[in-house]
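The values are calculated or read from the model by the stated rules, or taken from the named source; none is laboratory data. This one's a predicted model, so the numbers in the text were calculated from it and none came from an experiment. Every residue, glycine as well, gets a Cβ built from its backbone with ideal geometry; the counts of neighbours run over all protein chains shown. All accessible areas refer to the heavy atoms of the entire protein, side chains included, with ligands and DNA or RNA removed. Shrake-Rupley method; radii C 1.70, N 1.55, O 1.52, S 1.80 Å.
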Amino acid sequence: LKERSLPFLQQHSGKSGLWYYQIARGIDKRAVEPDRPRKSIGAEDTFAADIVELDASLAELKPLIAKVWGYCEGKGIRGRTVTLKVKFADFQQITRSRTVAMPIELRDFEELAADLLRSVFPVRKGIRLLGITLSSLGDVSPSDQRQLRFEV
C-alpha cells in the first residue's frame, strides 16, 4: 500500500483509498483514548508440545484463570461472560462461551471455564494454545457479593 499513490488507491478502493493511503504511512488523526473502559480481560498460552488429554488441558487453564482473576480483583471488577479459545496444532481455532445473569466469582469462573474446555473433548488433534477471557465487565457492588452457584 505504501508504494501506491493516493489517486491509485482511491481509484481501486473508492472511499477507503484515503484511509489506506494514510494508515500505510502512519497517519491517524483519531484521538487516543488511554483511559477508556476495558471491555474484556484475557490471558492465553501457547504450548511447546501439543496437549491431547483433558487433565493436562485443565492444568494449563488454571494459571490463565488466576492471571485474569488477579487483574479483576485488583481493579474491583467482575464479568458475566466467559470465553474459551482453543487453537489446535493445525492452527484451526475455536471458541466457546457462556454468559450468566450475574457477575461471577472465582469458583464460578473456574467451573465455567472447565465446563467449556470439557465440551471440546475428546480432541482429534493436539491443542497448541489455550486462552480464557472474562467480558461483560462491571464494577463490583455490594449487591454483587451474593454467591451464584452453577449446577451440572
For this session: Among Leu106, Leu116, Ile23, pick out the residue whose Cα is farthest towards the positive end of the charge dipole of the chain, where Lys and Arg carry +1 and Asp and Glu carry -1 on C-beta, about the Cα centre.
Result: Ile23
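Nearest 20 debye, what's the magnitude of the dipole of the stretch 59-117 about its Cα centre given +1 on Lys and Arg Cβ and -1 on Asp and Glu Cβ? Can you show the working numbers first?
Numbers: 10 positive and 8 negative charges, 44 e Å.
Here the stretch 59-117 has a charge dipole of around 200 debye.
If you put +1 on each Lys and Arg Cβ and -1 on each Asp and Glu Cβ, how big is the dipole of the stretch 2-152 around its Cα centre, in Debye rounded to 20? Before the final figure, lay out the partial values.
On the way: 25 positive and 20 negative charges, 155 e Å.
Here the stretch 2-152 has a charge dipole of around 740 debye.
Could you state the accessible area per residue of the chain in Å², with a 1.4 Å probe and every protein chain left in place?
Each residue of the chain exposes 66 Å² on average to a 1.4 Å probe.
Could you check how much of the accessible area of the stretch 34-88 is carbon and sulfur, as a whole percent, using a 1.4 Å probe?
Details: 1580 of 3220 Å².
That fraction is 49 percent.
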For this session: Quickly estimate the mean residue ellipticity at 222 nm for the chain, helices only: each DSSP H run with n ≥ 4 gives -39500 (n - 2.57), and the total goes over all residues, rounded to 500.
Result: -10500 deg cm²/dmol
Exercise. Which entry in (i) 46, 31, 31; (ii) 73, 37, 31; (iii) 61, 44, 23 matches Cα extents along the principal axes in Å derived from the coordinates of this structure?
Worked result: (iii)
For this session: Run the numbers on the chain and let me know its relative contact order in percent, using alpha-carbon pairs under 8 Å that are six or more apart.
Result: 30 percent
Exercise. Going down the list Lys15/Lys85; Lys39/Lys125; Lys62/Lys125; Lys67/Lys87; Lys39/Lys75; Lys15/Lys87, which pairs span over 24 Å between their C-alpha atoms?
Worked result: Lys15/Lys85; Lys39/Lys125; Lys15/Lys87
